[in-house]
1. Amide H of Ile68 versus every other amide H placed in the peptide plane: which residues, excluding those fewer than 5 positions away on the same chain, fall under 5 Å?
2. What list of ³J(HN,Hα) values in whole Hz, one per residue of the stretch 21-38 in order, does the Karplus curve 6.51 cos²θ - 1.76 cosθ + 1.60 (θ = phi - 60°) give from phi, with Gly and Pro shown as x?
3. In the chain, once you exclude exposed chymotrypsin sites (Phe, Trp or Tyr not before Pro) (DSSP loop, at most 15 other Cβ within 10 angstrom), what's the longest stretch remaining?
4. Would you mind checking which residues have amide H under 5 Å from Val2's amide H? H placed 1.01 Å from N; only 5 or more apart, or other chain.
5. To the nearest whole percent, what portion of all C-alpha pairs in the stretch 88-222 is separated by more than 20 angstrom?
6. Could you give the C-alpha radius of gyration of the stretch 46-153 expressed as a fraction of 2.2 N^0.38 Å, taking N as the number of residues it contains?
7. Relative to the compact-globule scaling 2.2 N^0.38 Å, provide the ratio for the alpha-carbon radius of gyration of the chain.
8. Step through the table entries Lys76/Lys130; Lys95/Lys130; Lys86/Lys193, compare each Cα-Cα distance with 21 Å, and write down the pairs that go over it.
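What follows draws every value from the coordinates through simple rules; no lab data is involved. Keep in mind that this is a model prediction, so the values were computed, not measured. Here the Cβ positions follow ideal geometry from the backbone for every residue, glycine too, while neighbour counts run over all protein chains shown.
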Amino acid sequence: MVSISAQPYDYELPTDGGIALLIIDMQRDFLEPGGFGDALGNDVARLQSIVLTVKRLLDAFRTQKLSIFQTIECHKPDLSDCPPSKLKRGRGALKIGDVGPMGRILIEGEAGNAIIPELEPIPGEIVIPKPGKGAFYRTNLASLLQEQGITHLIVTGVTTEVCVQTTMREANDRGYECLLVEDATESYFPEFKQSTLEMIRAQGGIVGWTATAEAVLQGLSQWESSVLKI
Ligand code: TIU
C-alpha cells in the first residue's frame, strides 16, 4: 500500500481505482485585476502565490499520464444559468455580465474568464464550465469521473473556502476520497484558508485529508514505481 503523508493521517493511494487532479477555477477572473474577484473588493494578488505549485502538480500528472480536470466558474452570455440572487450579490462596482477591462465579468468565452496562461490546458485535457461554486452542480463531472474509474481526487485551486471547499464537500458526499493540497489552494482571506484546512481534516478527516504538494509528489512517484513493478 502506497500512501501520501497527510493530515489527519496518511492518505492511501488506490490499488484498484484511479486518481485525478482537480484544479478549481484558476482563472483570470479570480487572479488578475479587473475580474470577478476584484469586482467583489478582494486583493487578487494574494492568489498568485500558488501558481507555481499548482503548475508543478499539473506537470507531474501530465508526465505520469494521470487524469486532470480543470473547472471554470462562468455563465452563459444571456445569463440564463445565473440565478438572480447571485447576480445581485456583492454590490461591487461591476457585477456578473458587466463589461470590465478583461471583457464581461464571469462570462464564458471572455478573456477574463480564461484559465491563467501558466496553467492553460493542453489539447485533450478536460475543462468543466460550472455555474455554481461546487463543481458537481449542473456539470458532467460526476459522469466523467465514473467513466474514467476515478475514486481519489487531489484538489487544488481557488478560493479555498468558497469553490474549493464546496466542491470537496460535494465530492465527499459522493464517496470520493479527497485530499486538499495545502500550498496549492489560496483564499483572499488567510484566516479562512487556515480554518478550511482545519475543518476538512478535523474529526478524523470528516471531509478528507490535507497534505503539502511535496508530500503528494513523493507519494505519487512511489505509487507509480509500485504500479510499474506489478
Ligand atoms: N469570491 C470567491 O472567493 N470565490 C468565488 O466566487 N469563486 C471561487 O471560489 N472560485
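1. Distant-sequence amide H within range of Ile68: Leu21, Ile126.
2. 8, 10, 10, 8, 6, 7, 9, 4, 4, 9, 9, 10, x, x, x, 5, x, 5
3. Here the longest run is 10-136.
4. Leu13
5. Every Cα pair in the stretch 88-222 considered, those over 20 Å come to 55 percent.
6. The stretch 46-153 yields a ratio of 1.20.
7. 0.99
8. Lys86/Lys193
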